[in-house]
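Reviewing the structure listed below.
The values are calculated or read from the model by the stated rules, or taken from the named source; none is laboratory data. Model, not experiment: these values are computed from the prediction. No Cβ is skipped: glycine too gets one built from the backbone with ideal geometry, and neighbour counts run over all protein chains shown.
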Ligand SMILES: *Cc1c(COP(=O)(O)O)cnc(C)c1O
């Protein structure tokens, strides 16, 4: 069985975790600072702040600008629900924007159409590791004084003209959930060039406690709280994992790229399948998503079953456009059918694994399995 995602945890990770466990410090320690420094070096970020997960990073980004009731944030319709929840958790309203069908990245014209009086920020997701064309997004943001939040949860390692994603807008948010490019079990990161945001976000990550006071305090009772904050810190054990995983990342990225290209070539001449164009200059190849243009949508689950029977694990990124999720359809009452490209990806696509756990001969096996599975489904039709 080739699973969709499988973390690669080796002797180095186990040793690093053991070292932390044998030591005196499980939180507020040097390992998190070392992971932050290594992440800053890898991405070129002036500031890197480790968090509990990507959702926490997104929430902190909005808390830092005081987002609240009455405010709106543009959110891609085709992405993880964390992007909308981070906005809603501040009491603000996500305004959904359709994606472009070719790549799954946000449709820039639609983005501009949705900017209104109450808009305070734009969020984008670098879908499946393909960098969003940020220049027009930044132009809109500059014109209207909006914050730009980049969700890089599935785009670690992706760069635009040498600049790592997350550094083009105001903040970049990352996930270290097990199936992502690298993992710490649960974990996240936030990067930014802005020292004002970095300072506030570091504080709000830890109860809003004044850091200067913490550094100077002589006994534990002496601190002050200068801001509303949450406990969104990362622990030392997670950071130890992250440091070792980051060392493997260049190798992981090369393997993802090679797997993606081999698989894309193998699937390119199969009838009824269209591969989403996730391979671009600087992309980091999270998965290969194929759109079933000819297999009827309702046969997709059958195809997924046929693939599973042949040892191929797949996934769907993401299974519903956000405005069609029960929660958001109830509170926002958006028009069904208003996000046709996001819906096409949700209801008619299958994501195939390209991670470093996938070997070259696995890719060949996957290509053969897809051909057979397609034939089986068409034969039953
Ligand atoms: C996985 C994912 C998240 C959530 O990450 P967590 O670390 O689990 O909070 C957010 N956004 C996108 C695009 C994701 O794929």
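Remarks
- Count of residues meeting criterion [assigned to a loop (DSSP other than H, G, I, E, B), under 18 Å from residue 155 (Cβ atoms) and in contact (Cβ under 8 Å) with a residue 60 or more places away in the chain] in the range 82-106: 4
- Single residue of the range 315-328 satisfying the filter (surrounded by 15 or more Cβ atoms within 10 Å (Cβ to Cβ), under 18 Å from residue 276 (Cβ atoms) and without any contact (Cβ under 8 Å) to a residue 40 or more places away in the chain) that is nearest to the chain's Cα centre (by Cα): 316
- Within the set 299, 217, 248, 294, the sole residue that is at pLDDT 95 or above and surrounded by fewer than 21 Cβ atoms within 10 Å (Cβ to Cβ) turns out to be 248.
- Qualifying residue in the range 293-314 (condition: closer than 22 Å to residue 124 by Cβ and more than 18 Å from the chain's Cα centre (by Cα)): no
- All conditions but one from (1) buried (at least 24 other Cβ atoms within 10 Å of the Cβ); (2) within 11 Å of the ligand (Cβ to nearest atom) apply to residue 122; the one that does not is (2).
- Among residues of the range 300-320 being in contact with a strand residue (DSSP E or B) (Cβ under 8 Å, 6 or more places away or on another chain) and not in a loop (DSSP other than H, G, I, E, B), the one that is farthest from residue 370 (Cα to Cα) is 315.
- Residue count for the range 22-44 satisfying the condition of being surrounded by 17 or more Cβ atoms within 10 Å (Cβ to Cβ) and out of contact with any helix residue (DSSP H, G or I) (no Cβ under 7 Å at 6 or more places or on another chain): 2.
- Some residue of the range 98-118 being more than 11 Å from the ligand (Cβ to nearest atom) and under 28 Å from residue 202 (Cα atoms): yes
- Summed over the range 89-105, the residues that are over 21 Å from residue 227 (Cβ atoms) and out of contact with any helix residue (DSSP H, G or I) (no Cβ under 6 Å at 6 or more places or on another chain) give a count of 4.
- Qualifying residue in the range 308-325 (condition: at pLDDT below 95, more than 16 Å from the ligand (Cβ to nearest atom) and on the phi > 0 side of the Ramachandran plot): no
Here is a yes/no grid of residues against (1) in contact with a helix residue (DSSP H, G or I) (Cβ under 6 Å, 6 or more places away or on another chain); (2) surrounded by 19 or more Cβ atoms within 10 Å (Cβ to Cβ):
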| site | (1), (2) |
| --- | --- |
| 227 | yes, no |
| 236 | yes, yes |
| 243 | yes, yes |
| 254 | no, no |
| 261 | no, no |
| 266 | yes, no |
| 272 | no, no |
| 276 | no, yes |
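- Residue 73 meets all of the listed conditions (1) farther than 21 Å from residue 345 by Cβ; (2) free of Cβ contacts under 8 Å to residues at least 40 places away in the same chain but one, namely (2).
- Residue 116 vs. criteria assigned to a loop (DSSP other than H, G, I, E, B), in contact with a strand residue (DSSP E or B) (Cβ under 8 Å, 6 or more places away or on another chain), modelled with pLDDT of 95 or more and surrounded by fewer than 18 Cβ atoms within 10 Å (Cβ to Cβ): yes
- When residues of the range 45-61 are limited to those that are closer than 15 Å to residue 206 by Cα and out of contact with any helix residue (DSSP H, G or I) (no Cβ under 6 Å at 6 or more places or on another chain), the one nearest to the ligand (Cβ to nearest atom): 53
- When 10, 23, 5, 44 are checked against the criterion of being under 30 Å from residue 307 (Cα atoms) and more than 18 Å from the chain's Cα centre (by Cα), a single residue qualifies: 10.
- Number of positions in the range 62-77 that are more than 10 Å from the ligand (Cβ to nearest atom), buried (at least 22 other Cβ atoms within 10 Å of the Cβ) and not in a helix (DSSP H, G or I): 5
- Scanning the range 81-93 for residues that are crowded, with 20+ Cβ neighbours inside 10 Å and within 13 Å of the ligand (Cβ to nearest atom) returns 82, 83, 84, 86, 87.
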